[in-house]
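Engineer: One structure coming up, written as structure tokens, with questions to follow.
The values are calculated or read from the model by the stated rules, or taken from the named source; none is laboratory data. Values in this document were obtained by computation on a predicted structure and should not be read as measured data. Quick reminder, even Gly has a Cβ in these numbers, built from the backbone with ideal geometry, and neighbours come from all protein chains shown. Accessible surface is based on the protein model in full, side chains and every heavy atom, while ligands, DNA and RNA are left aside. Shrake-Rupley method; radii C 1.70, N 1.55, O 1.52, S 1.80 Å.
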Amino acid sequence: MPPTSTVKNTPGSTSPKARSSSRTPAATSKRPAARPDEPTSDEALLALDSAYASAPDMPTSVAERELTSLARLAHAQQSRMSRIGITSDKVDLLARFARRLGALEKGWQRARGAVTLTSAQRKLRDEAEALDAKLVAGGRWGCRNDDAAQAELSRIADGSGLSDTIQDLRDLVDFWSDHEGALGVTDITAKDLERAKALADALEYAAANEASDAMRRTRAGSAQPLLLGRRRARQGDP
């Protein structure tokens, strides 16, 4: 008869499950926030000082084109740029900023386009846009031989959206104040200029609501509200 072995009962079980349960749970620590290594990320942009949130001093589309052109030209002259400390990494970063700016602007415009105006506000907006076009067209003709005036009109006309239209009207009133002598060869009247000021004032509330609603639509995890207020800084708009 083969010998039988006896298994002794010991206080501690040898099963893996039992061994693991006897260990002291490891202390859990909160993982530190990821460092924003990519300068064009939302995290890095939102970490900037609030001074960077001021409105752009040029239309965003112009800024994007300029950044893209600068990056392309710098790449073409990379050997020379490196001699003065501008490395290829810096040029690549400039190109990424240009792409990021374009993407943020498109998102911001989509959010603004989704904002609904009241029927009365839409009527005022349509009137303002028509008057905006009339004042610009009059300047194109009345000041056709003035290069500086034409450049100013191009600057005013660049951009889109309700806030841009309001700023256009204010700038065009100032423009015609400076070029009053050319009004006689246009169909622009003093009443048109008075109406431009009145429309700009009347639409300010609608523009504030548009910006507020657009920010709510883009606030979750996005740097767009910080970087792209999209209201021109020609007169210090917030």
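Engineer: Considering only protein heavy atoms, what per residue accessible area in square angstrom results for the stretch 52-190 with a 1.4 angstrom probe?
Structural biologist: Numbers: 7780 Å² over 139 residues.
Heavy-atom SASA per residue in the stretch 52-190 reads 56 Å².
Engineer: Follow-up. Going by the alpha-carbon gyration tensor, a ≥ b ≥ c the square roots of its eigenvalues, is the stretch 68-187 rounded (a/c under 1.5) or, if a/c is not under 1.5, prolate (a/b greater than b/c) versus oblate? Mind dumping the intermediate values first?
Structural biologist: Numbers: a/c = 4.59, a/b = 1.59, b/c = 2.88.
Oblate, since a/c reaches 1.5 and b/c is not below a/b.
Engineer: Among G181, I166, S154, pick out the residue whose Cα is farthest towards the positive end of the charge dipole of the stretch 151-197, where Lys and Arg carry +1 and Asp and Glu carry -1 on C-beta, about the Cα centre.
Structural biologist: I166
Engineer: Let me ask another. Kindly report, to the nearest 10 Å², the accessible surface of S160 as traced by a 1.4 Å probe over protein heavy atoms only.
Structural biologist: 60 Å²
Engineer: Mind checking the stretch 45-147 for trypsin sites (Lys or Arg not before Pro) that DSSP puts in a loop (not H, G, I, E or B) and that have at most 12 other Cβ atoms within 10 Å? Kindly include the intermediate steps, with their values, before the conclusion.
Structural biologist: Working: sites: R65, R72, R80, R83, K90, R96, R99, R100, K106, R110, R112, R122, K123, R125, K134, R140, R144; in loops: R144.
Answer by residue number: R144.
Engineer: If a paramagnetic tag sat 7 Å from the Cα of E66 along the Cα-Cβ line, which residues of the stretch 156-181 would have the backbone N under 15 Å from that point?
Structural biologist: Counting backbone N atoms under 15 Å from the label point, the list is 156, 158-159.
Engineer: Counting other Cβ atoms within 10 Å, which chymotrypsin sites (Phe, Trp or Tyr not before Pro) in the stretch 174-205 have at most 13 and lie in a DSSP loop? Before the final figure, lay out each step's value.
Structural biologist: Values: sites: F175, W176, Y205; in loops: none.
Nothing satisfies the criteria.
Engineer: Pulled fully out, how much extra length does the chain show between A51 and K90, if you take 0.36 nm times their separation in residues and subtract their Cα-Cα distance? Before the final figure, lay out each step's value.
Structural biologist: Working: separation 39, 0.36 × 39 = 14.04 nm, distance 2.29 nm.
Gain on stretching A51 to K90: 11.7 nm.
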